[in-house]
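**Q** Here it is: the structure, laid out below.
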Amino acid sequence: MRKRLIPLLLLIFCLAGCAANPAAPAPTPTLTLAPQSMIVSSSTPVPTATAILTWTATPTATATHVRSATPTATNTSTPVPTETPTVTPTPTVPFIVAIDPGHGGVDLGARHFNDEGKMDFYESEVVLDIALRLARLLEEKRYGVVLTRDDDYLLNNYVGENIGPDITGEGEVDWVDDLQMRVDLINEAKADLVLSIHLNGFDHPDKEIVRQVYGTTTYYCEARPFAEKSRRFAQIVQEYVLAFLAEAGLKTYDRGAIPDSTLAVPGEPGQHLVLLGPCEERCVRPSQMPGALSEPVFISNPMEAEFLKRPEFLEALAATYVAAIEAYRAEVGR
Ligand SMILES: [Zn+2]
């Protein structure tokens, strides 16, 4: 009975983590709306997505959120032709990676509860930490990097005050509008690849059952023109993360690199993740590049959560994503 129960609940929770259902939102009267340009500096300027986001309630926040993680690492190394000034260096178009830390703001994502039953940390803050580390590491390797968010916010708030606009135009402002803004942003930046970073979670009143649920999953969408690329990227990410976790001494379970349609909930609209999938009943503009959504561990699992509390673990996980991206490029190209 329990064995049957677990997979069912898992699906529900994971989808919550990724798409369908935000964590129980709390009123946040102080929440400010998504700030804007999340384009991170790169060795070659990346087209910014600022323009499409200028309508937000906090227009003055735009400039402050242009992040420059490693200003000295990139700009100073721009190739300068020294021998023959008349020769124009061949422009190298950077490979642009879009990094999407899941959730944010009122949407905490999956949560971890301590032995007293108190929530002590949660998905949206941990995935942001990993994403910022990944952005820095990629910049050091001269990748173009786009972050869908670089702090603790939703791109389009849909709870409490300061509700954002109806991006999808179906007459309702909800979590899909936030995800649509993420898709619009990475499309505008012309990213070559997208990696969405999440953590899985499992809620159950019986702590022993929570303890038994762990493992690693990577999702891709099989219903896109570039599905084969996405599938390979997901497989590579899964393979690299599993190898990393084994090396880190974390016992994990391979849940596979699997199609996002496995997350579909009967009766709910949409068969795919908004960030990766085709537009059907929910979003209106799909992402235009291959990608995957990684759920390396369960934040709800006490053992996996202990690892997530270590900065060196998060750094190494970020480095693992870099290695996976490089392996993907070597095999698939752009
Ligand atoms: Zn999530």
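**Q** Considering the range 220-235 alone, what residues qualify as being buried (at least 23 other Cβ atoms within 10 Å of the Cβ) and either farther than 21 Å from residue 279 by Cα or in contact with a Ser or Thr (Cβ under 9 Å, 6 or more places away or on another chain) (or both)? Quick ask: steps written out before the conclusion?
**A** Of the residues in the range 220-235, the ones buried (at least 23 other Cβ atoms within 10 Å of the Cβ) are 220-221, 230, 233-234.
220, 221, 233, 234 - these are the residues of the range 220-235 that are buried (at least 23 other Cβ atoms within 10 Å of the Cβ) and either farther than 21 Å from residue 279 by Cα or in contact with a Ser or Thr (Cβ under 9 Å, 6 or more places away or on another chain) (or both).
**Q** Just to check your reading of the model, which residue among 288, 271, 238 is over 24 Å from residue 330 (Cα atoms) and either touching a helix residue (DSSP H, G or I) at 6+ places or on another chain (Cβ under 7 Å) or of a type outside the set (Val, Ile, Thr) (or both)? Walk me through how you get there before you give the answer.
**A** Working: 288 fails: over 24 Å from residue 330 (Cα atoms); 238 fails: over 24 Å from residue 330 (Cα atoms).
Sole residue among the options that is over 24 Å from residue 330 (Cα atoms) and either touching a helix residue (DSSP H, G or I) at 6+ places or on another chain (Cβ under 7 Å) or of a type outside the set (Val, Ile, Thr) (or both): 271.
**Q** Let me ask another. Do the conditions hold for residue 330, that is, is it within 18 Å of residue 199 (Cα to Cα) and part of a helix (DSSP H, G or I)? Outline the logic, then answer.
**A** On the way: within 18 Å of residue 199 (Cα to Cα): no; part of a helix (DSSP H, G or I): yes.
Spelling it out, it is not the case that residue 330 is within 18 Å of residue 199 (Cα to Cα) and part of a helix (DSSP H, G or I).
**Q** Of all residues in the range 105-152, count the ones that are at positive phi and either of a type in the set (Asp, Glu) or in contact with a Gly (Cβ under 9 Å, 6 or more places away or on another chain) (or both). Give the derivation first.
**A** As a first pass, look at the range 105-152 and keep what is at positive phi: 105, 109, 117, 142.
Next, from what is left, pick out any that are either of a type in the set (Asp, Glu) or in contact with a Gly (Cβ under 9 Å, 6 or more places away or on another chain) (or both): 109.
Matching residues across the range 105-152 total 1.
**Q** Same structure, new question: Taking the range 81-106 as the search range and keeping residues that are modelled with pLDDT of 95 or more and not small (Gly, Ala, Ser), which one is nearest to the ligand (Cβ to nearest atom)?
**A** This residue is 103.
**Q** For the range 178-201, what are the residues that are more than 11 Å from the ligand (Cβ to nearest atom), touching a helix residue (DSSP H, G or I) at 6+ places or on another chain (Cβ under 6 Å) and closer than 19 Å to residue 126 by Cα? If you could, list the steps in order and put the result at the bottom.
**A** Here is the first cut: in the range 178-201, the ones more than 11 Å from the ligand (Cβ to nearest atom) are 178-195.
Filter once more, keeping what is touching a helix residue (DSSP H, G or I) at 6+ places or on another chain (Cβ under 6 Å): 184, 188, 194.
194, the sole residue that qualifies.
**Q** Could you grab me the full set of residues in the range 286-334 that are among the polar types (S, T, N, Q) and within 24 Å of residue 202 (Cα to Cα)?
**A** We begin by selecting, within the range 286-334, every residue among the polar types (S, T, N, Q); these are 287-288, 294, 300-301, 320.
294, 300, 301, listed by residue number.
**Q** What number of residues within the range 107-123 satisfy the criterion of being within 12 Å of the ligand (Cβ to nearest atom) and either free of Cβ contacts under 8 Å to residues at least 60 places away in the same chain or assigned to a loop (DSSP other than H, G, I, E, B) (or both)? Break it down into steps so the answer makes sense when it comes.
**A** Going through the range 107-123, the residues within 12 Å of the ligand (Cβ to nearest atom) turn out to be 107-111, 122-123.
Filter once more, keeping what is either free of Cβ contacts under 8 Å to residues at least 60 places away in the same chain or assigned to a loop (DSSP other than H, G, I, E, B) (or both): 108-110.
Here the count works out to 3.
**Q** Also, I was wondering about something else. Looking at 252, 320 in this structure, which one is modelled with pLDDT under 95 and of a type in the set (Ser, Thr, Tyr)? Walk me through it before giving the result.
**A** Working: 320 fails: modelled with pLDDT under 95.
After ruling out the rest, the residue left standing is 252.
The values are calculated or read from the model by the stated rules, or taken from the named source; none is laboratory data. Small disclaimer: the values here were computed from a predicted structure and weren't measured. Using ideal geometry, Cβ is built from the backbone for each residue, glycine included, and neighbour counts are taken over all protein chains shown.
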